[in-house]
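Asks: I'd like to ask some things about the structure below.
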Amino acid sequence: MTFIKPGPDFVQLFRTFEHTAFRLETRDRYNSPRETESFRKFVAGEPDASYHENWLELVREATAAGRLFSRVRVVSFPLTDYTRFSLWISGYTNKAGDDIRYLTRDEAEAANLPRYDYWLFDSCKLVMMRFGDDDRFVGAEVVEDPAIIVEHNYWRDVARHHAIPRDDFALRYEQRYHQRR
């Protein structure tokens with residue numbers, strides 16, 4: 001296995017895939033230094049998505065070239081502040097072309113999905129995400145075993161089958177949120 005640290009080599013994965021990039025996101029919190037200030041502002045009621053522009057441009061370029069970004073986010077209830085933040089920011093990401101869908105943790109467990117994050121590029125390059133105890137991304141392992149890659153393709157398909165589109169999830173969440181207030 002090859003280990004890739006955060007930085008240019010990791011970003012290159014998103015510039016070089018040919019057809020599809022899929023991510024399963026399973027964590028209730030990510031501790032990304034580039035999001036810290038935007039997250040703080042979101043919680044304070046002053047949302048600011050400017051930190052996200054480089055990612056949005058990368059997604060726009062890829063999708064304009066006919067490549068597909070998609071992901072399924074597994075979420076717990078009640079939603080954490082971080083999950084609400086990522087739901088808000090995913091509105092921008094969806095508009096850029098990243099098809100983000102949501103799945104409850106209970107549904108993910110019933111479907112026997114893994115409890116860790118991964119990227120799957122072109123259905124043949126599996127990149128297992130690794131995080132530290134502080135929820136920071138520390139790097140990723142590139143897995144080359146064909147049987148493990150096939151298993152993660154299956155999980156991708158199961159996750160997408162059960163997940164609902166971001167806008168539908170946001171509408172349901174907003175209704176729940178306002179009913180509790």
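The values are calculated or read from the model by the stated rules, or taken from the named source; none is laboratory data. This structure is a prediction, so every number in the text was calculated from the model and none was measured. A quick note on method: Cβ atoms are made from the backbone with ideal geometry, for glycine too, and the neighbour counts reach across all protein chains shown. Note: accessible area is taken over every heavy atom of the protein model, side chains too, but ligands, DNA and RNA are not part of it. Shrake-Rupley method; radii C 1.70, N 1.55, O 1.52, S 1.80 Å.
Asks: Exactly one condition in (1) open to solvent by 40 Å² or more (accessible area, probe 1.4 Å); (2) assigned to a helix (DSSP H, G or I) is false for Leu13; which is it?
Replies: Every listed condition holds for Leu13 apart from (1).
Asks: Inside segment 67-84, can you point out the residues that are open to solvent by less than 30 Å² (accessible area, probe 1.4 Å) and within 20 Å of Glu57 (Cα to Cα)?
Replies: Phe69, Ser70, Arg71
Here is a yes/no grid of residues against (1) under 11 Å from the mean Cα position of the chain (by Cα); (2) within 29 Å of Val143 (Cβ to Cβ); (3) among the polar types (S, T, N, Q):
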residue: Ile4; (1), (2), (3): no, yes, no
residue: Arg27; (1), (2), (3): yes, yes, no
residue: Phe42; (1), (2), (3): no, no, no
residue: Asn54; (1), (2), (3): no, yes, yes
residue: Arg71; (1), (2), (3): yes, yes, no
residue: Arg84; (1), (2), (3): no, no, no
residue: Arg101; (1), (2), (3): yes, yes, no
residue: Ala110; (1), (2), (3): no, yes, no
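Asks: Related question: Being crowded, with 16+ Cβ neighbours inside 10 Å and assigned to a helix (DSSP H, G or I) is the filter; apply it to segment 29-40 and report the residue that is nearest to the chain's Cα centre (by Cα).
Replies: Glu35
Asks: So, one more: For segment 41-62, give me the residue count where each residue is of a type outside the set (Val, Ile, Thr), surrounded by 13 or more Cβ atoms within 10 Å (Cβ to Cβ) and assigned to a helix (DSSP H, G or I).
Replies: Summing the residues that are of a type outside the set (Val, Ile, Thr), surrounded by 13 or more Cβ atoms within 10 Å (Cβ to Cβ) and assigned to a helix (DSSP H, G or I) in segment 41-62 gives 10.
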